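Working notes, beginning with the structure itself.
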Amino acid sequence: MRNGWKRGAQGAAAFAMLALLPRCGGAVDARDEVQDGALKAVAQAALPTICQPRTYLDPRTVVAEHDGAVRNDQPNLNMSSQSTLYVDAAPTRYQSYLRFHLEGEGGELVQARLRLYAKQGTNTGLSFHPVTGGVWESTLTWNNRPMEGPAIATVSSVANDAWLTAEVKGAASDRETLSVGVFPLGDDGAEFSSREASNVSRRPQLDTVFRYDWCTYRGSSTPSQSWAKTLGGAARENAAALFNLPDGTGFVLGGRYSDGPAQAGGAALPGPSGFLVARFNTAAQHQWSRAYGVGQQVSMEAMTVTPLGNVLVVGTYLGSPDFGTGALPYIDPNTAGAGDGMFVLKLSPTGNPVWAHGFRAEKRPGWAEGAVYPTIAVPTAVATDANGSVIVAGHFKGYMDLGGGDIYAGPMSESRDDSTQSLFLAKFDYDGGHQWSQAFYTVDEYTEANALATDAAGNILMGGRSNNATLATPGMRVGTAFVARFTSSGAPVWGYGLKGGAIGRIRGLAALPDGGVAFAGGFNGTFTFQGQTYSSHDDTHDVRPDDGVFGTLTASGGEGWVRVLTTYPSGDVAEQVAVDGAGNLVVKGRVSAYTLDLGGGELGTPGLPRGGALRFVASFSPTGTHRWSRMLGTQVSNAFMAVLPDGSTRLAFTFEGSTPVGATTFVSSGQTDMGLIQFTP
């Protein structure tokens, strides 16, 4: 099925993408055989020079899905439930059969090594044959056994209590199935553990290696990679934010961790859990890293860096955590999920806590006279300006005082049933003093502020999901994807929502040099932009946006250009957008496809190893023309992007296992780790 990467505004041409549903893989067992010289030769990629190729060898071990032995003297006997596979020539002839489901959809099978555990070996040898037809398991007998082909491998002998290994790649009948028969070459019989064996580790196995030739980059320039770095310790570390230092001396990474001490490039950070901030120079050399909220009920939700290199963190908490400046106001831990408090934290350029504030929200419903109930206050985005101010957006229910008196989420937020949440936007000075705060009523329980940015003049840009008339064009339906501009004092300038019947969510914003704004997010349904209609692949969902969208708006909130990404079945989103010094856009996102064409040619390959979403980062000119696009792979999660003025792109991401990104294969320490990488334009 063909799916479209649609380009709008001024009649630009449409691009195409082939999308298939990924399959999740099985257990991975990277044995020494993968390093054999034969496989090294196989790994030489043969892709066109118009892309940057990478060959990936994907080793997996699968167990037999069917097996059984048959005997000629009892031609109707089924032996498939026995724990032993028999092979013998005389006086009774025994033959055994095995079938495996191959788990490398789309790749090229370059190795398939059958491994059988010999309980009793043989001195007269065995032969291995591809087999077709017949029946399996409970109905397998000598009379209806599969039909064999010519031998594809032989062994002259097999030791007792040892593993037999034979290359049987020729027994693969298609991309999904490998069926093999094991026959005697003499009258010294052999016995092997079957898939019914009580010792699971001795059941029949097939060690496979699939080859994937990826096109990882498309563009007019020669791409390169500046550096790559793995960060990880005993804990489960997850990347949560990445920001360049405004003075160009490096960058700051934010992360979360659990299940033990964490590692972010320096000394181990104490466990069992918390969030971390780490600073690196331009070559990704560690400068410092610190942990906060260790062992407490805290969660980092967003982070940014001020012009002077201070770090601002917002998140939620329970209890009364102390980040180093005093305990926050107590929030009852028993209200988890229903009454989380929010914190705002400022760190110095060396990671020392400067100040921290904690806030709570509460319901005061009229239907319960005098009653007060704790409720949620969740900061979801934070930004700063030239003065180092702290600008926070999020959602809450009931009433909340951020320092300037109560703001109110509206009567629907205090409803007995199906209560809704409303957005808030607030500004604090560099010392944490309240400047202003305001709320935006909605009637949508899924309303959120997901993106926040400022421009050179200090104007504030907010994006997310809401039908509030201040944030989106009046009359928009519930769940509209919106972008809104405010002055530095919080006065609304304009609000824009996707026009039509679509719902959606704006996840990323960036100010453009001409005063406009770049946006990125997702949508579901149908909307119009510059007079052209765009529809999602599947418009049956009314909560989760299914397809990606990004583009630009003018300084006055008018429509610039837009791109829409729709693949089968769903799950596409443009997650983040940034702007380089020349006004080019860099977009990061993911699609539910094997291959992806963002305008410069196909990335990926049909059939991605181990399934998952295909993540990408791509650059477009100020008018929307494709400049370059890069595939990040399918095993990367929680990716965050920071773009330099020259267009170089830094990425922080979460990964587990062996994960190829760019020219580097990242290997985790066992649980999830964090990866860092920088690409030049």
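The values are calculated or read from the model by the stated rules, or taken from the named source; none is laboratory data. Since the structure is predicted, the reported quantities are computational estimates derived from the model, not experimental observations. Ideal geometry is used to build each Cβ from the backbone, glycine not excepted, and the neighbour counts take in all protein chains shown.
Report the residue count in the stretch 633-651 for those that are over 18 Å from the mean Cα position of the chain (by Cα), in a loop (DSSP other than H, G, I, E, B) and over 14 Å from Ala284 (Cβ atoms).
3
Taking Thr304 as the residue in question, decide whether it is of a type in the set (Ser, Thr, Tyr) and part of a loop (DSSP other than H, G, I, E, B).
It is false that Thr304 is of a type in the set (Ser, Thr, Tyr) and part of a loop (DSSP other than H, G, I, E, B).
With the requirement that a residue be buried (at least 24 other Cβ atoms within 10 Å of the Cβ) and of a type in the set (D, E, K, R), what does the stretch 386-404 give you?
Lys397
(1) under 16 Å from Leu347 (Cα atoms); (2) buried (at least 23 other Cβ atoms within 10 Å of the Cβ): which one isn't true of Ala264, the others all being true?
So Ala264 meets the others, but not (1).
Any chance you could count how many residues in the stretch 97-141 are among the hydroxyl-bearing types (Ser, Thr, Tyr), within 15 Å of Ala69 (Cβ to Cβ) and part of a loop (DSSP other than H, G, I, E, B)?
1
Of a type in the set (Gly, Ala, Ser), under 23 Å from Arg507 (Cα atoms) and surrounded by fewer than 20 Cβ atoms within 10 Å (Cβ to Cβ): does that describe Gly319?
Values: of a type in the set (Gly, Ala, Ser): yes; under 23 Å from Arg507 (Cα atoms): no; surrounded by fewer than 20 Cβ atoms within 10 Å (Cβ to Cβ): yes.
No: the conditions fail for Gly319.
Looking at Gly557, Gly600, Gly589 in this structure, which one is of a type in the set (Gly, Ala, Ser), in contact with a strand residue (DSSP E or B) (Cβ under 8 Å, 6 or more places away or on another chain), part of a loop (DSSP other than H, G, I, E, B) and buried (at least 19 other Cβ atoms within 10 Å of the Cβ)? Step through it out loud before you land on a result.
Details: Gly557 fails: buried (at least 19 other Cβ atoms within 10 Å of the Cβ); Gly589 fails: part of a loop (DSSP other than H, G, I, E, B).
The conditions single out Gly600.
Scan (1) at pLDDT 85 or above; (2) surrounded by fewer than 16 Cβ atoms within 10 Å (Cβ to Cβ) for the single condition Leu85 breaks and write down its number.
If we test Leu85 against (1) at pLDDT 85 or above; (2) surrounded by fewer than 16 Cβ atoms within 10 Å (Cβ to Cβ), just (2) comes out false.
Where the second residue is part of a strand (DSSP E or B) and surrounded by 18 or more Cβ atoms within 10 Å (Cβ to Cβ) and the first is among the basic types (Lys, Arg) and lies in the stretch 114-137, which pairs have Cβ atoms under 6 Å and are six or more apart or on separate chains?
Here the result reads Arg115/Gln205; Lys119/Glu191, each pair linking the stretch 114-137 to a residue that is part of a strand (DSSP E or B) and surrounded by 18 or more Cβ atoms within 10 Å (Cβ to Cβ).
Could you go through the stretch 204-211 and let me know if any residue there is assigned to a strand (DSSP E or B), within 24 Å of Phe128 (Cα to Cα) and in contact with a Ser or Thr (Cβ under 6 Å, 6 or more places away or on another chain).
Yes - at least one qualifying residue is present in the stretch 204-211.
Looking for whichever is surrounded by fewer than 23 Cβ atoms within 10 Å (Cβ to Cβ) and either part of a strand (DSSP E or B) or in contact with a helix residue (DSSP H, G or I) (Cβ under 7 Å, 6 or more places away or on another chain) (or both) here; the options are Thr654, Thr659, Thr665. Which one fits?
After ruling out the rest, the residue left standing is Thr665.
Could you please tell me which pairs satisfy a Cβ distance under 6 Å, a separation of 6+ or placement on different chains, a first residue in the stretch 502-531 that is surrounded by fewer than 24 Cβ atoms within 10 Å (Cβ to Cβ), and a second residue that is basic (Lys, Arg)?
Every condition considered, the pairs that remain are Thr528/Lys499.
Please find, among Leu231, Leu245, the residue that is closer than 20 Å to Thr634 by Cα, assigned by TED's automatic domain parsing to the domain that holds Thr654 and in contact with a strand residue (DSSP E or B) (Cβ under 8 Å, 6 or more places away or on another chain).
Leu231
With the condition being in contact with a Lys or Arg (Cβ under 7 Å, 6 or more places away or on another chain) and at pLDDT below 95, I'd like the strands (runs of 3 or more DSSP E) fully within the stretch 367-462 carrying at least 2 qualifying residues.
Ranges flagged: 373-375.
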